[in-house]
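One structure is given here, and the rest of the page talks about it.
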Amino acid sequence: MEQHISDLNGSHDNKHITIRALRRGSRNVISTLLNPIKIIPNDKGLPRDWQGLAELCGISGEKIPSLQQDPDPSNKVLHLWSEEDKNESTIDKFIIYLEELDRFDVIEDISPLIEEDINYFKQNTSEFSSKYPDLDSDKYILTIDDVNRRSEGLEPQTYDAIVLFADDDIDFATELIETMENKYNLKLCVKGRDLVGGRFEHESVIKLISERCRRLVVILSPAFLDSPTNQFFYSFAQAIGMEQRQRKIVPCLYKNCGKLPAEFSCYVILDYERTNKVWKNFWYKLYSSIRTLETTPAAMENVNLISASTSDCRSSSQYNPSSDRFLLNPEQENASADSSRSSNQVKFKIMGDLDSIQNKKIMPEECASGSNSANSPAYPEKKQETTRLFISVLKKL
């Protein structure tokens, strides 16, 4: 454990790496270990859980009640820390804080993960610099988040969704954005709040929809549908969704619009009034519609096991999605065509053998009790004959 701590704190190159470099796997372990409340404080009276971390990170007291309601307070503390103190919110400082809280168990568990995150961050930063050599020309700066991330050597911000709404619906849109960001920790993009000035708005929104936002949330109302700009954006998003073969648009019906345009006839629409009145779960349904599932290591292991078990029989085949079957390679296709008639004859022969088994008459002495039939001299011979016939049928399948 001491070796891990010295490795993390000892390298001068690691001292200024932002806490943002921690990936989801590391953050999940941190949350698992720091979210549970610890009754016994450290020798300085600090709670040995996320509350002590929040105090060391300088999170103001008025934010503690909202953190207590958060489903993942530890991750929220790290997020607030990185937003409020960009210079001091480093991995090196985070390790020091864990030492002050006497949480050496956390350091021991996350040290290998943090080392991987640091290596990934350095490699990604290097590749990012070569990929975007002219970033300082503002070509890739679309939002305020991009400006902040560029100063830390990070790639442009990606978002869970971009939200489009009419000005008349700004009160509901504000409630939606705050709920998704504060309660469900989603990263949303809003035109009026996040776009940097001086760029063409249509160009920025098109780039965000096609390259940087996983979903487009549209708040449907008569005012929204009357806007030619909004019509252009959701029609563009629909085309992108078909091109990328993914679910792109999440429509939310806020006000009654009468008959909706044909573009929305193929979507399941989240009706705010109806869902809240009947099921009272509109916000969770919206969150579930926006979020994207990431492949977990356990899921990958299952996929690898399935792939390994089927690789022998599919290694020389190609899958045809349109016909939902596997295509043989040319040699196999020719062999299959040449043997189609003989294979049909085998099938009919097998069916005949199965009929002979099914129609085989059982003699009365074979229907005696289990003990008598087992002791009967004819029983082993009958059993062996049936077994041989059954095996021969299986071999032909």
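Taking Lys and Arg as +1 and Asp and Glu as -1, the other residues whose beta-carbon sits under 13 Å from that of Val268 total +2.
Where Rh denotes the Kirkwood radius from the mean inverse Cα pair distance, what is Rg over Rh for the stretch 144-290? Rg/Rh: 0.95.
Remark: the Asp168-Ser66 segment gains 33.8 nm on full extension, using 0.36 nm per residue and subtracting the alpha carbon distance.
Label separation (Tyr97 vs Asp85): 0.7 nm, computed from points 7 Å beyond Cα along the C-beta direction. Counting neighbouring Cβ atoms within 10 Å and putting the fewest first, the residues Ile114, Ile40, Ile141, Ile64 line up as Ile40, Ile64, Ile141, Ile114.
Counted over the stretch 141-239, the DSSP beta bridges are approximately 10% antiparallel.
Of the cross-linked pairs Lys139/Lys255; Lys76/Lys139; Lys38/Lys277; Lys63/Lys139; Lys248/Lys280, which ones have a Cα-Cα span greater than 29 Å in the structure shown? Those over the limit are Lys139/Lys255; Lys76/Lys139; Lys38/Lys277; Lys63/Lys139. Of Tyr254, Tyr184, the sequence from fewest to most neighbouring Cβ atoms within 10 angstrom is Tyr184, Tyr254.
Electrostatic tally near Gly197: other residues with Cβ closer than 14 Å to its Cβ, Lys and Arg +1, Asp and Glu -1, net -2. Label-to-label distance for Gln246 and Gln231 is 2.8 nm, based on points extended 7 Å past Cα in the beta-carbon direction. Shape class of the stretch 168-244 from the alpha-carbon gyration tensor: rounded, with the ratio a/c of largest to smallest axis under 1.5. Sorting Arg193, Arg150 by the number of Cβ atoms found within 10 Å of their own Cβ, with the fewest placed first, yields Arg193, Arg150.
Throughout, read-outs are computed from the coordinates displayed, never taken from laboratory work. Model, not experiment: these values are computed from the prediction. Note: ideal-geometry Cβ built from the backbone for every residue, glycine included; neighbour counts use all protein chains shown.
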